[in-house]
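To start, the structure under review is shown below, and the notes come after it.
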Amino acid sequence: MRTLSFIHPPTTLPMSHLDRRSFLSLAKNPHRINYRIDEQTIAPLSAELEARFSRRATAPPDSSLAPYAGPWTRAEVIHLLRRTTFGFTRADVDYFLGKTMQQAVNEILNAPYTPPAGPVNDYNNANFTDPAVPFGQSFLNAAYEATAEPYRAESVRAWWIRQMLDSERSIREKMTLFWHNHLPVQFQEALFGSMLYRYNKTLRDDALGNFKTLMRDITLDPAMLFYLNGYLNSKNAPDENYAREIQELFVIGKDLPAYFTEDDVKAAARLLTGWRTDGFSTFFFTNEHDTGDKQFSAFYGNRKITGRSGPNAGADELDDFLDMLFDHPEAARFVCRKLYRFFVYHGIDPQTEQNVIEPLAQIFRNNNYDILPVLDTLFKSEHFFDVLNRGAVIKSPVDMTIGLFRQFGVQLPGPANLFDTFAISFQLGQAMAAMLQHVGDPPNVAGWQAYYQKPFLDKMWINTGTLPKRGQATDIMVFAGIYGLNSRAIIDPLAWASGLTNPSNVNALIDESLEMLFGLPVPQSVKDTLKPILLSNLPSESYWTLGWGLWQADPGNETYAGALRVRLQAYLYRVLQMEEFQLC
């Protein structure tokens, strides 16, 4: 594979005790990420948080899917936005406070959707020029080009990151990530930029539609056909890879006392023979298809799928196979559990299985596997808003990093500087990869371990290797920023503070900022340790008010601005290093 080398980071940066250079520099090989996690590397939580998590695990909420009828305050709005979007601002909170809970959920789930324009060549640089696609032009219909595909794949990944950054008041991008974790294709194993974009587009377009439709589309998606060897599957050499994963990981699962058999895998492989792809589209070769009948086990009610021949044989047998899978009651339960772990809480105890998962699964079946009725019921339920489910989940690296950009209004250069926008997005992706969530490259076909690997589950995001990198990432954004050639993305603490309700009052600033940034309420004793940072240990709160007033009266005065900026940076440095920032 061609080494990717775009830019070099600045040689002089303001430094803290953390080395920012490793965050700013581009990896020599962006695909070689260490995903190994074991018990010895899990980082310990504070006694207070460990006790909170233990209480939640040993005494889970007994709330149900009954409609939530409690108060609709900033706390509830923030909880909803934390779980359904990638970050939020005060304007978002105020906007949804002006609506009812039902209206807020409806808007987040049903936000108007216009498919975004696709990626373009934004990667040409001094070290590489795409031989077929000019800078600024689309590569999505360009032929496969071995030297260019690593760059095109990274362009797709960076483009995807920007869709998350621009996702606004909608759940669609978070659902796109959910489906990528549930139906993964590893970019590094299907290195064809155009094909990877079409895979991502399939997930986004179908994200809030019908799960059966999504499964049919993803089964015939060129990237999935390539990734799990479906394009090699023929009657003389059936390939069981996708036939196994669609049952074990995508629709049915295997955490059952008895489940599908090896003969079921073999029958499914025979049924799926004959599909081929050129990376752009999918087509069916009748002479490569097994036309015999396919017999399934008692797990599927001894269903027999009649073998066909002719140009529609593959499609007809695939439809019969999907009908068989979705007729099984475990299909709805399996996906509802995955949704629950992603959006509510990682642990599912018997009470939650009975009160939440089973009725959600029935709603799923009753609506022929449409996604929206399930999400609508879940996000409007008393269980979702139960206080025990708030601040109970460790943020994924994507949630933390994308949320950091969005909450602080960090802007990318945009179309006026394509390469810098790409380079900064690329580095943002590398930062998330260092925290063990490389967008586009989960560790394997099962997705990221934090969503399924018991007993640790979401605690796997925090280990002795990733915890310092989380701190490093926030530290970088506060003090140095991420550099392109001509621009950088950095938190502007004055602009951020100006967006708060009453930034001239030091107590109001602390209260509101912690409410927005932390997943748990903060005791006054903790706030009292933060106030001296903003006051530089001066004895009176009026010093902050005076300083803010001077800057407001003369915003171009760098002396006034600098005095506030350095204090806000020190405050954010401390706050974003705290454990509570890692919770949502």
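The values are calculated or read from the model by the stated rules, or taken from the named source; none is laboratory data. Every value quoted in this text rests on a predicted model; they were computed, and no experiment measured them. As a convention, Cβ positions derive from the backbone with ideal geometry for all residues, glycine included, and neighbour counts pool all protein chains shown.
Of the numbered conditions (1) farther than 26 Å from Gln582 by Cα; (2) in contact (Cβ under 8 Å) with a residue 24 or more places away in the chain; (3) surrounded by 14 or more Cβ atoms within 10 Å (Cβ to Cβ), Leu550 fails exactly one; give the number of that condition.
Status for Leu550: all satisfied but (2).
Identify, please: which residue in the stretch 492-519 is small (Gly, Ala, Ser) and in a loop (DSSP other than H, G, I, E, B) and is, among those, surrounded by the most Cβ atoms within 10 Å (Cβ to Cβ)?
Filtering the stretch 492-519 for residues small (Gly, Ala, Ser) gives 495, 497-499, 504, 508, 513, 519.
Narrowing the set further to residues that are in a loop (DSSP other than H, G, I, E, B) leaves 499, 504, 519.
Working: Gly499: 16, Ser504: 17, Gly519: 19.
So, considering only residues that are small (Gly, Ala, Ser) and in a loop (DSSP other than H, G, I, E, B), the one surrounded by the most Cβ atoms within 10 Å (Cβ to Cβ) is Gly519.
All but one of (1) exposed (fewer than 13 other Cβ atoms within 10 Å of the Cβ); (2) under 30 Å from Thr464 (Cβ atoms) hold for Glu558; state the number of the condition that does not hold.
Of the numbered conditions (1) exposed (fewer than 13 other Cβ atoms within 10 Å of the Cβ); (2) under 30 Å from Thr464 (Cβ atoms), the odd one out for Glu558 is (2).
Please find, within the stretch 440-465, the residue that is surrounded by the most Cβ atoms within 10 Å (Cβ to Cβ) out of those that are out of contact with any His (no Cβ under 7 Å at 6 or more places or on another chain) and assigned to a helix (DSSP H, G or I).
Our first condition is that a residue be out of contact with any His (no Cβ under 7 Å at 6 or more places or on another chain); within the stretch 440-465, this holds for 440, 442-446, 448-456, 459-465.
Retained after the next criterion (residues that are assigned to a helix (DSSP H, G or I)): 449-451, 459-461.
Details: Gln449: 19, Ala450: 23, Tyr451: 19, Lys459: 19, Met460: 21, Trp461: 27.
So the residue we want is Trp461.
Of all residues in the stretch 346-394, which are out of contact with any Asp or Glu (no Cβ under 9 Å at 6 or more places or on another chain), within 20 Å of Ala57 (Cβ to Cβ) and among the aromatic types (Phe, Trp, Tyr)?
Phe384
Leu514: within 28 Å of Ser396 (Cβ to Cβ), touching an Asp or Glu at 6+ places or on another chain (Cβ under 9 Å), aliphatic (A, V, I, L, M) and at pLDDT 95 or above, yes or no? It would help to see each step written out before you state the result.
Numbers: within 28 Å of Ser396 (Cβ to Cβ): yes; touching an Asp or Glu at 6+ places or on another chain (Cβ under 9 Å): yes; aliphatic (A, V, I, L, M): yes; at pLDDT 95 or above: yes.
So Leu514 fits the description; yes.
Can we say Asp376 is modelled with pLDDT of 95 or more, within 27 Å of Glu358 (Cβ to Cβ) and surrounded by fewer than 20 Cβ atoms within 10 Å (Cβ to Cβ)? Give the derivation first.
Details: modelled with pLDDT of 95 or more: yes; within 27 Å of Glu358 (Cβ to Cβ): yes; surrounded by fewer than 20 Cβ atoms within 10 Å (Cβ to Cβ): yes.
Considered against the rule, which asks whether it is modelled with pLDDT of 95 or more, within 27 Å of Glu358 (Cβ to Cβ) and surrounded by fewer than 20 Cβ atoms within 10 Å (Cβ to Cβ), Asp376 comes out as yes.
Would you mind listing the helices (runs of 4 or more DSSP H) fully within the stretch 39-114 where at least 2 residues are surrounded by 13 or more Cβ atoms within 10 Å (Cβ to Cβ) and among the β-branched types (Val, Ile, Thr)?
Numbers: elements: 47-58, 74-84, 90-97, 101-109.
Result: 74-84, 101-109.
Keeping to the stretch 280-312, report how many residues are more than 38 Å from the chain's Cα centre (by Cα) and of a type in the set (Ser, Thr, Tyr).
Summing the residues that are more than 38 Å from the chain's Cα centre (by Cα) and of a type in the set (Ser, Thr, Tyr) in the stretch 280-312 gives 4.
Could you please give the count of residues in the stretch 472-491 that are charged (D, E, K, R) and either touching a Cys at 6+ places or on another chain (Cβ under 6 Å) or part of a helix (DSSP H, G or I) (or both)? I'd like the intermediate steps shown before the answer.
Kept after step one, since they are charged (D, E, K, R), are these residues of the stretch 472-491: 475, 488.
Checking which are either touching a Cys at 6+ places or on another chain (Cβ under 6 Å) or part of a helix (DSSP H, G or I) (or both) leaves us with 475.
Count: 1.
Output yes when any residue across the stretch 72-81 is farther than 15 Å from Val393 by Cβ and of a type in the set (Lys, Arg), and no when none is. Before the answer, list the steps.
First, the residues of the stretch 72-81 that are farther than 15 Å from Val393 by Cβ: 72-77.
Filter once more, keeping what is of a type in the set (Lys, Arg): 74.
Yes; the residues of the stretch 72-81 include at least one that is farther than 15 Å from Val393 by Cβ and of a type in the set (Lys, Arg).
Is it the case that Glu168 is within 21 Å of the chain's Cα centre (by Cα), touching a residue at least 12 places away in the same chain (Cβ under 8 Å) and assigned to a helix (DSSP H, G or I)? Lay out the reasoning, then the answer.
Details: within 21 Å of the chain's Cα centre (by Cα): yes; touching a residue at least 12 places away in the same chain (Cβ under 8 Å): yes; assigned to a helix (DSSP H, G or I): no.
Answer is no for this residue.
Restricting attention to the stretch 388-417, which residues are more than 15 Å from Phe518 (Cβ to Cβ), surrounded by fewer than 22 Cβ atoms within 10 Å (Cβ to Cβ) and either of a type in the set (S, T, N, Q) or out of contact with any Leu (no Cβ under 9 Å at 6 or more places or on another chain) (or both)?
Within the stretch 388-417, Leu388, Asn389, Gly409, Gln411, Pro413, Gly414, Pro415, Ala416, Asn417 qualify.
Filter the stretch 314-342 for residues that are under 24 Å from Pro60 (Cβ atoms) and in contact with a Ser or Thr (Cβ under 7 Å, 6 or more places away or on another chain) and give the result.
First pass over the stretch 314-342, keeping only residues under 24 Å from Pro60 (Cβ atoms): 329-330, 332-342.
None; the set is empty.
Does Glu541 satisfy being among the acidic types (Asp, Glu) and out of contact with any helix residue (DSSP H, G or I) (no Cβ under 6 Å at 6 or more places or on another chain)? So that I can check it myself, show each step before the final result.
Values: among the acidic types (Asp, Glu): yes; out of contact with any helix residue (DSSP H, G or I) (no Cβ under 6 Å at 6 or more places or on another chain): no.
It is false that Glu541 is among the acidic types (Asp, Glu) and out of contact with any helix residue (DSSP H, G or I) (no Cβ under 6 Å at 6 or more places or on another chain).
Tell me, yes or no, whether the stretch 215-223 has at least one residue that is under 22 Å from Phe364 (Cβ atoms) and in contact with a Pro (Cβ under 9 Å, 6 or more places away or on another chain).
no
Can you pull out every residue in the stretch 205-229 that is aromatic (Phe, Trp, Tyr) and more than 22 Å from the chain's Cα centre (by Cα)? Quick ask: steps written out before the conclusion?
So the first thing to find is which residues in the stretch 205-229 are aromatic (Phe, Trp, Tyr), and the list is 211, 226-227.
If the condition is that a residue be aromatic (Phe, Trp, Tyr) and more than 22 Å from the chain's Cα centre (by Cα), then Phe226 is the only one that fits.
Please enumerate the residues belonging to the stretch 468-491 that are over 29 Å from Asn200 (Cα atoms) and surrounded by fewer than 17 Cβ atoms within 10 Å (Cβ to Cβ).
Pro468, Asn486
Phe321 passes all but one of (1) in contact with a strand residue (DSSP E or B) (Cβ under 8 Å, 6 or more places away or on another chain); (2) under 24 Å from Asp217 (Cβ atoms); (3) part of a loop (DSSP other than H, G, I, E, B); which number fails?
All conditions are met except number (3).
From the set of residues in the stretch 336-366 that are farther than 24 Å from Arg390 by Cβ and out of contact with any Lys or Arg (no Cβ under 6 Å at 6 or more places or on another chain), which is surrounded by the most Cβ atoms within 10 Å (Cβ to Cβ)? I'd like the intermediate steps shown before the answer.
Going residue by residue through the stretch 336-366, those that are farther than 24 Å from Arg390 by Cβ are 361-362, 364-366.
Subset that is out of contact with any Lys or Arg (no Cβ under 6 Å at 6 or more places or on another chain): 362, 364-366.
Working: Gln362: 15, Phe364: 23, Arg365: 15, Asn366: 11.
This residue is Phe364.
Would a scan of the stretch 240-248 turn up a residue that is of a type in the set (Val, Ile, Thr) and crowded, with 23+ Cβ neighbours inside 10 Å?
As a first pass, look at the stretch 240-248 and keep what is of a type in the set (Val, Ile, Thr): 246.
Now drop any that are not crowded, with 23+ Cβ neighbours inside 10 Å, which leaves 246.
Checking the stretch 240-248: at least one residue is of a type in the set (Val, Ile, Thr) and crowded, with 23+ Cβ neighbours inside 10 Å.
What do you reckon, is Pro10 modelled with pLDDT under 50, buried (at least 19 other Cβ atoms within 10 Å of the Cβ) and more than 30 Å from Pro359 (Cα to Cα)? Walk me through it before giving the result.
Numbers: modelled with pLDDT under 50: yes; buried (at least 19 other Cβ atoms within 10 Å of the Cβ): no; more than 30 Å from Pro359 (Cα to Cα): yes.
Here the answer is no, as Pro10 does not meet what is asked.
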